[in-house]
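Computed from the coordinates by the stated procedures, all read-outs in this text should not be read as laboratory data. Quantities reported herein were computed from a predicted structural model and do not represent experimental measurements. Cβ coordinates were reconstructed from backbone atoms using ideal geometry, including for glycine residues, and neighbour counts include every protein chain displayed.
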Amino acid sequence: MPKEIPLRAAVALSGWVALAATLLPGGSPARWIPVLLFVCFGPGLALLHPQPDGLRPGARLEAFALAAPVSLSIGVLTATSLFLVGGFTVIAFLLPLAALATVAAALPGLPLPAATRGAAGRARVPAPGAAPGPAGEHDPAAGRAQRDGGGR
C-alpha cells in the first residue's frame with residue numbers, strides 16, 4: 001500500500017472528526033483543538049499534498065507552508081457566504097469544509113511550483129561548454145553574450 005493513502009485518509013477524516021467534536025461540551029479543549037487544527041490545515045492539505053508521485057522534501061515543505069493560508073482562505077469564503085445568507089452555525093461551517101477536504105483528498109493535489117521544477121531533487125547540470133544561467137540552468141543567450149563580447 002502506498003504511503004500516501006494513510007495521509008489522504010487522515011486528511012479526509014480530519015474534517016469529520018472536527019465535526020463530531022462539536023458534539024462535546026462547549027469549552028472543552030477536546031472540542032476546539034480538532035476544529036481549530038482542521039480549519040487551519042485540513043482543506044489546504046487536502047488540496048495541496050496528495051500529489052500523484054508523492055512529494056520531494058522541498059515540495060513537501062512548500063505544501064505544508066501553503067496549507068494554512070489556503071485553508072484559512074477557504075474558511076473565510078465559507079464563513080462569509082454563510083453570514084451573507086444568514087445561516088452561519090458551526091455545523092453549517094464545518095460540513096462543507098469537511099466535504100471539500102474529503103473530495104479533494106481523493107483527487108490528485110494541485111501542482112506545486114517546487115514539485116514541478118524539481119525542488120530538492122537532483123541539480124540540473126548545464127551542457128558541457130555552456131555558461132550556467134542565473135538558476136544554474138543552461139541559457140544559450142548567456143553563453144552567446146559571453147562569446148560575442150557582452151552581447152553586442
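Across region 5-72, Cα-Cα distances exceeding 20 Å account for 32% of all pairs. With the highest mean first, a sort of the peptides 103-109, 23-29 on other beta-carbon atoms found within 10 angstrom per residue produces 103-109, 23-29.
Could you work out how much longer the chain between LEU72 and ALA99 gets when fully extended? Use 0.36 nm per residue separation minus the Cα distance between them, nm to one decimal.
Full-extension gain reported as 8.1 nm.
In region 1-42, the convex hull through the Cα atoms has an average projected area of 3.0 nm², a quarter of its surface area. Once both labels are positioned 7 Å from their Cα atoms along Cα-to-Cβ, the gap between PHE88 and TRP32 label points is 1.7 nm.
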